[in-house]
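Read through the structure below, which is laid out as structure tokens, and then see the notes.
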Amino acid sequence: MPSIASARYGKDNVRVYKVHRDQETGVQTVTEMTVCCLLEGEIETSYTEADNSVVVATDSIKNTIYIKAKEHPVNPPELYAAYLTQHFIDTYPHITSAHVKVIVHRWTRMTVDGAPHPHSFFRDGQETRNVEATATRGAGITIKSGIVGLLVLKSTGSAFHGFVRDEYTSLPETWDRILSTDVDCSWTWAPFATVAAVVDGVERFDKAWESARAITMKTFALDESASVQNTMYKMSQQILDAAPETAVVGYSLPNKHYFEIDLSWHKGMKNTGKDAEVYAPQSGPNGLIKCEVARS
Ligand SMILES: O=c1[nH]c(=O)c2[nH]c(=O)[nH]c2[nH]1
């Protein structure tokens, strides 16, 4: 008889909005998230024997996501994710691991007549702040934080030459190209023994997110890039330095190509090399460069 090799289940795409109202100033602050929560444990019989006695309904998991958002702060998302994962371990003896993913969407405060508006916000890009937390019975809480969907482009300051040239190579070497990518950056924290250890020094999470974002953009802008590989390694090194409690930093960067267009067939128009001004952005195929950098 085949057996269950692995199983987890839960609710995905739970959209949550929370408002904080400062009673003294009248300033409101909003958080919008998409949450996924999956449970693992002694649940095999629900698959093999139709035994629903081991099933915490996914509808109840959804309710729990809302209730924990009401009971606890949702900022930083690492803290909320830790509370949520630990709840399932504490509440259901047969659940051995709870996996929570939180995607935080941007609502940036509007500036109106030069002043921050107390309750109006705008979406200033598709970038999200992501957190994946897992609580495992007897093994504490692991947390991975990240930035996804930060779209960046530099119009010069990037080269790519010296790569393998053989009978499969048609790409010319370049000393000046456009570099664009959609940043997916993550940093994995050394494991936390308990939720209390997550709470203790909780400011580390916002600080690391701010540092990672600033380092990514500053390095992208200032580095005379030899390749996506080298630039992402430089970014990773700096994030490890800036966030000492992290163990690993990873990037996954698509190389979003912009091709030169030869227009010389039209009245001898010059639009290549140093005369290139009009380019064709490519939607695919694209390079995809990944790395994880760990402390030595
Ligand atoms: O930065 C780059 N890395 C590559 O590995 C690569 N490959 C390629 O065709 N262009 C680029 N650019």
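Toward the positive end of the charge dipole of the chain, with +1 on the Cβ of Lys and Arg and -1 on the Cβ of Asp and Glu, the farthest Cα among Pro244, Ser170, Phe259 is that of Phe259. Under a Gaussian network description of the chain, with springs only between Cα atoms under 10 Å, the residue in Tyr80, Tyr258, Tyr47 that fluctuates furthest is Tyr47. Relative to the longest principal axis of the Cα atoms of the chain, the long axis of helix 228-242 lies at roughly 40 degrees. What a 1.4 Å probe finds exposed on the range 44-113 is 52% carbon and sulfur by accessible area, rounded to a whole percent.
Global size of the range 217-271: 18.0, 61 Å for Rg and Dmax (C-alpha atoms, Rg to one decimal, Dmax whole). Rounded if a/c is under 1.5, else prolate if a/b beats b/c, else oblate: with a ≥ b ≥ c from the C-alpha gyration tensor eigenvalues square-rooted, which is the range 13-78? Judged from the Cα gyration tensor, the range 13-78 comes out prolate (a/c at least 1.5, a/b above b/c). Reported value for the range 164-296: 148 Å³ per residue, from the convex hull of its C-alpha atoms.
Starting from the Kirkwood Rh over alpha-carbon pairs, what translational D in µm² s⁻¹ does the range 25-155 have by Stokes-Einstein at 10 °C and 1.306 mPa s? Could the numbers behind the result be given before it?
On the way: Rh = 16.8 Å.
Estimated diffusion coefficient is 94 µm²/s.
Rounded to the nearest 10 degrees, the inclination of helix 77-91 to the longest alpha-carbon principal axis of the chain is 30 degrees. With a 1.4 Å probe and all protein chains left in place, how much of the accessible area of the range 145-296 comes from carbon and sulfur atoms, in whole percent? The C+S portion of the solvent-accessible surface of the range 145-296 is 57 percent. Partner aspartates and glutamates whose Cα lies under 20 Å from the Cα of Lys234, excluding those fewer than 8 positions away in the same chain, are identified as Asp176, Asp182, Asp184, Glu210, Asp223, Glu224, Glu245, Glu292. Between Arg21, Arg204, Arg177, the residue with the greatest mean-square fluctuation in the GNM of the chain (Cα pairs under 10 Å linked by springs) is Arg21. When peptides 262-273, 221-232 are sorted by average Cβ neighbour count within 10 Å, with the highest value leading, the order is 221-232, 262-273.
Kindly rank 181-192, 64-75 from highest to lowest mean number of other beta carbons found within 10 Å of each residue. Provide the component values of the computation, followed by the final result.
On the way: 181-192: 19.8, 64-75: 16.7.
In decreasing order of mean packing, 181-192, 64-75 become 181-192, 64-75.
The dipole here belongs to the range 6-138: it is taken about the Cα centre, uses +1 on the Cβ of Lys and Arg and -1 on the Cβ of Asp and Glu, and is about 380 debye. Size descriptors for the chain (Cα atoms only): Rg and Dmax, in that order, 23.6, 77 Å.
In straight Cα distance, which lysines are under 23 Å from Lys270, not counting same-chain residues fewer than 8 positions off? Straight-distance partners of Lys270: Lys154.
Take the chain with all the other protein chains still there, run a 1.4 Å probe, and you get 56 Å² of accessible area per residue. For the chain, the longest principal axis of the alpha carbon atoms and the long axis of helix 58-71 meet at an angle near 90°.
The values are calculated or read from the model by the stated rules, or taken from the named source; none is laboratory data. Source: prediction; values computed, not measured. Glycine gets a Cβ as well: all are built from the backbone with ideal geometry, and neighbour counts include every protein chain shown. Accessible surface is based on the protein model in full, side chains and every heavy atom, while ligands, DNA and RNA are left aside. Shrake-Rupley method; radii C 1.70, N 1.55, O 1.52, S 1.80 Å.
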